[in-house]
Amino acid sequence: MLKGHLDAIVLAALEGGPAHGYAIIEAIKRRSGSTFDLPEGTVYPALHRLEQAGLLASTWMTPPSGRKRRVYSLTRSGTAALADRRRAWSRFSQAVETLLKGGHTWPA
Amino acid sequence: MAGLIDDYVARLRRDLDFDPSLAGRMADEVESHLWEAAEADPAWPLPEAQRRAVERFGLAREFAGQFAVDAVNRQAKRTWGALLATLVVTFIAMRLRVIWLGEVGDTLSTLAPLIDRYAFVAAITLGTIGWLAFRCSVVTLALCLSALAASIVAGIVRADLFVEGAPLHVLLAAAGEIALIGLLSFHVVSLGRRLRRTASLRRIS
């Protein structure tokens, strides 16, 4: 189920600003309260796919204290796609919640 | 043990060899990730930190397999685009040859014009079948490519371009055909390589 929403999760993780792959994985883990402890190798294909689709842009950066990293950021299309996916998720989750709440009876 | 991450990255580079530019990019990116993960591990600088970082990342083959299908789809799009361009240019070049030959008279054999025409029709038919039914079939593409090459060779032989001294626009169109056939051949070979690699990654992972 998570796989189908991975692109939206990655886009949301980058909403706060540019980040590299490792930081994105850590942010997803932290913000989901470790519920989404993704296999780390699954995030890079998603990043690459989103970049190919023009939703992310990336560039190599070397922080003063560390190792060279590829840093990703949302493009204008990526921001719009994230808003679309949020709306779609909101509709979907509301519908599922209503169905799972139960208590409905068939009309006699 | 000191080279565990290096070994993993080398393996990843091999498993992504169906797309050399992707292999270079991902190998650098994954290497950076693995060192950062190892350095953040409580066991760092012990070799155990590297082992855990690699383990959390997952198998190199599985990682490469996630890219392989996308690579095939991208290459298939490029190949079909090249095929379409080749068909259009071949058709234009064929018409230019026919118009020019109509002016100077066709003194060549009767076999070449038939090959030119029917090989082109066969290429269009095979290309259409391939597009509709087998988007990634190298066999259909290779047959289509052979038919186009036959059409071009027959057309050039028929026009006797280099002996008769054909006008520049006829020669340029023929040169365009030959260049596009070269490009198309390159794309077909690349697609075949990616398909074989994807199949092997899927078999093993």
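Amide H to amide H, with H built 1.01 Å from N, A:Leu56 comes under 5 Å of A:Glu51, A:Thr75, counting only residues 5 or more places away or on other chains. Each of the peptides A:7-13, A:76-82 was scored by the mean count of other Cβ atoms within 10 Å over its residues; in descending order, highest first, they stand as A:7-13, A:76-82. With Rh defined as the Kirkwood radius, the inverse of the mean 1/r over Cα pairs, the Rg/Rh of chain A is 1.11. Given a 1.4 Å probe and the protein chains as shown, A:Thr105 ends up with an accessible area of around 120 Å². Just the protein heavy atoms count here, and of the accessible area of the range B:4-58 at 1.4 Å, carbon and sulfur take up 54 percent. The figure for B:Val98 is an accessible area of roughly 50 square angstrom, using a 1.4 Å probe on the protein chains alone. Applying the Karplus relation 6.51 cos²θ - 1.76 cosθ + 1.60 with θ = phi - 60° to the range A:82-91 yields 3J(HN,Hα) values of 5, 4, 4, 5, 5, 4, 4, 5, 4, 4 Hz, where x marks Gly and Pro. Heavy atoms of the protein chains alone define the surface here; on that basis chain A has 64 Å² accessible area per residue at 1.4 Å probe size. The accessible-area loss of the range A:42-69 on complex formation, taken against its chain alone with a 1.4 Å probe, reaches 40 Å² or more at A:Tyr44, A:Pro45, A:His48, A:Trp60, A:Arg67. Couplings 3J(HN,Hα) of the range A:45-58, computed from phi: x, 5, 4, 5, 4, 5, 5, 4, 7, x, 8, 10, 10, 9 Hz, in residue order, whole Hz [Karplus 6.51 cos²θ - 1.76 cosθ + 1.60, θ = phi - 60°; x for Gly and Pro].
Panel note: contact residues of the range B:49-91 (accessible area lowered by at least 20 Å² against the chain on its own; 1.4 Å probe) correspond to B:Arg56, B:Phe57, B:Phe63, B:Gln66, B:Phe67, B:Asp70, B:Arg74. Amide H contacts of A:His20: A:Tyr72, each under 5 Å away and 5 or more positions distant or on a separate chain (H built 1.01 Å from N in the peptide plane; Pro and chain starts excluded).
The values are calculated or read from the model by the stated rules, or taken from the named source; none is laboratory data. Quick caveat, the model's predicted, so the values are computed rather than measured. With ideal geometry, Cβ positions are generated from the backbone for all residues, glycine too; neighbour counts draw on all protein chains shown. Please note that ligands, DNA and RNA were not included when accessible areas were found on the heavy atoms of the full protein model with its side chains. Shrake-Rupley method; radii C 1.70, N 1.55, O 1.52, S 1.80 Å.
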